[in-house]
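So the structure is just underneath, and the comments pick up after that.
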Amino acid sequence: MQNAMINPFRPSAGANPPYLIGRNDTLDEFEDSLVSGPGSPNRLLRITGSRGAGKTVLLNALGKRARAHHWEVIDETAAPGFINNLILTVQASQPRTIKSVEFPSLGIDGIGNAALGKVEFNETTLPLTLRTALTEYLDHISKRHHDRGLFITIDETQGASTSDLRALATAVQHLIREDRNIAVAFAGLPGMTSSLLHDNVITFLRRATPIELTDIPLDLVSDAFENVIEKNGRSITPDALQIATEATRGYPFMVQLVGYNIWRKADDNTIDADAAKAGVEAARIRLGGTVHEPAIEDLSDIDRTYLLAMAQDIGPSKTGDIAQRIGKDAQYAGRYRERLIQAGIIYASSYGYVDYTIPYLRQWLREHAATLLMTATER
Ligand SMILES: Nc1ncnc2c1ncn2[C@@H]1O[C@H](COP(=O)(O)OP(=O)(O)OP(=O)(O)O)[C@@H](O)[C@H]1O
Ligand SMILES: [Mg+2]
């Protein structure tokens, strides 16, 4: 059956899409910075966006560009202690120091923890250990080719500990000052540059070139749908294309979900309006389970109450109204507003107004309001 054709869409966290929409400028500027030498602002990137906005796949694409220029790429996720991993990875990448990893207790700067088979670096010596490891690695990389370098990607930066970020900031700043070929891209939720972090770290992160992943323009989404569908042996009618495109609201995860489901619902090689409508509905339901639910699960009861209060409006909510609905003063409500902004769930749509970042969240909250309130009172 034709339906068994391989579905080209990739509605899954971190899965590279068949076509990366709207990121060409960012990728080109990054690539230019690799060629134009140390000191280029695009060698230091700070990528922020809500869940499903495309941070991880953008890091993947940046890494691909770097590799195309024969740069080495190291991808890290910022769980607590990730700098430790970074040091080990860097050391393991150099032929000369492999031994120190195989036999942790012999680690040069590490305090070997043979029982756990892990090397734990001392927090106070962390910055210097990292700097030394990176310097040696960069020496190794550029020995024969001066234009080669190292690109480090840090995902989920909001989960990093301050000491880890501080170590990285210190090391990278020194390497940049020494005109080394190093590039770093940090990705995370909007709150990753929150003022709660230590000042030095904040300054470093703020100085990085900001890339805010907001909605993708719908004309680009439309072109991408058409392109991907036709390249993979099917076609889409103009009205189906319009239904599918609009349903994405320009939200990257939804682009993949809609694409995947309209493809699945097609009876033959043409995706028509019926298939588009059925696919969009299936996509919306999947979005609830894969994005809305996990996003809400991470929140406190008051955060949820705030979001539910917003769902009473049909568009952006007035912050004053929300405070009133949850029965709190403006200052108290303001703190929760801020937390939700940092978590990438809402944004200030205009002065004194907030709206949801993730599409269809309003509808989902309304549909689940009863259950959400029940679990809140159960605790
Ligand atoms: N520019 C894009 N064009 C098309 N699809 C995209 C784009 N960016 C991301 N996607 C798709 O959106 C989904 C989410 O992407 P990704 O996992 O990178 O998001 P994220 O911001 O890292 O989310 P999270 O915060 O949950 O880790 C994936 O299915 C991916 O293929
Ligand atoms: Mg991600």
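Between helix 301-310 and the chain there is an angle of about 40 degrees, using the helix long axis and the longest principal axis of the Cα atoms. Its Kirkwood hydrodynamic radius, worked out from the mean inverse distance over all distinct Cα pairs, puts the stretch 226-379 at 16.9 Å.
May I ask you to derive the relative contact order of the chain, considering only C-alpha pairs under 8 Å and at least 6 residues apart, and to give it as an integer percent?
That works out to 19 percent.
Sorting HIS368, HIS70 by the number of Cβ atoms found within 10 Å of their own Cβ, with the fewest placed first, yields HIS70, HIS368.
A straight chain from SER36 to SER12 at 0.36 nm per residue would run longer than the Cα-Cα distance by 5.2 nm.
Three principal axis extents of the chain based on alpha-carbon atoms, in descending order, are 62, 57, 42 Å. Counted over the chain, the DSSP beta bridges are approximately 30% antiparallel. Of the trypsin sites (Lys or Arg not before Pro) in the stretch 120-181, the ones in a loop by DSSP (not H, G, I, E or B) with at most 11 other beta carbons within 10 Å are LYS143, ARG144. Seen from every direction in turn and averaged, the convex hull around the alpha carbons of the stretch 159-248 projects onto 8.9 nm².
Rounded to the nearest 10 degrees, the angle from helix 252-265 to the longest Cα principal axis of the chain is 50 degrees.
The loop-placed chymotrypsin sites (Phe, Trp or Tyr not before Pro) in the stretch 243-296, going by DSSP, include none that has at most 13 neighbouring Cβ atoms within 10 Å of its Cβ. Calculate the tail of P(r) for the stretch 216-294: the fraction of all Cα-Cα distances greater than 20 Å, expressed in %. Looking at the stretch 216-294, the distances longer than 20 Å represent 22 percent of pairs. Where does helix 361-378 land angle-wise versus the long Cα axis of the chain, in degrees 0 to 90, nearest 10? Once rounded, one gets 80 degrees.
Bear in mind that the values in this text are calculations on the coordinates, not laboratory data. This one's a predicted model, so the numbers in the text were calculated from it and none came from an experiment. Virtual Cβ from ideal backbone geometry, glycine too; neighbours counted across all protein chains shown.
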